[in-house]
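The values are calculated or read from the model by the stated rules, or taken from the named source; none is laboratory data. Worth saying up front: this structure is predicted, and the values here are computed from it rather than measured. Virtual Cβ from ideal backbone geometry, glycine too; neighbours counted across all protein chains shown. Surface areas here come from the heavy atoms of the whole protein model, side chains and all, with no ligands, DNA or RNA. Shrake-Rupley method; radii C 1.70, N 1.55, O 1.52, S 1.80 Å.
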Amino acid sequence: MNQPDLIIFDCDGVLVDSELLSCRCLAEVLMGCGIKIGLDETLDLFLGRSLDAVVEHYEGMGHSIPQQFPNELKV
């Protein structure tokens, strides 16, 4: 088996904008929880923020976030 000459770790999102993908998944899971939100609003509110910040935001607005919410994002 040939050894690669180079391995690139894209940890800062330069090659792949993982924040966009992450926010798209977040919007889908939030909609599954009954929260109406689009991708643009998800990006505005949660880009670069933690999952705890998402839960705190919606619980502060009186929304009930299911306990399995973090696991839904990992599927």
Exercise. Considering the dipole of the chain built from charges on the beta carbon (Lys and Arg +1, Asp and Glu -1) around the Cα centre, which of 47, 2, 32 is farthest to its positive end?
Worked result: 32
Exercise. What order do you get for 55-67, 20-32 when each peptide is scored by the mean count of other beta carbon atoms within 10 Å, highest first?
Worked result: 20-32, 55-67
Problem set entry | Residue (of 63, 15, 73) at the positive-pole extreme of the chain, dipole from beta-carbon charges | 63
Exercise. Looking at the chain, do any whole DSSP H helices span at least 15 angstrom along their long axis by alpha carbon and average 0.0 or above on Kyte-Doolittle, and which?
Worked result: 18-32
Problem set entry | In nm, spacing of pseudo-spin labels at residue 68 and residue 24 (7 Å Cα→C-beta vector) | 2.4 nm
Seminar exercise, completed: Expressed per residue, the solvent accessible area of the chain in Å² (1.4 Å probe) is about 79 Å²
For this session: Give, rounded to the nearest 20 debye, the magnitude of the charge dipole that the chain has about its Cα centre when Lys and Arg contribute +1 at Cβ and Asp and Glu contribute -1 at Cβ.
Result: 260 debye
Problem set entry | Accessible carbon and sulfur surface of the chain relative to its total accessible area, %, 1.4 Å | 52 percent
For this session: Subtracting the Cα-Cα distance from 0.36 nm times the residue separation, let me have the gained length for residue 2 to residue 39 in nm, one decimal.
Result: 9.2 nm
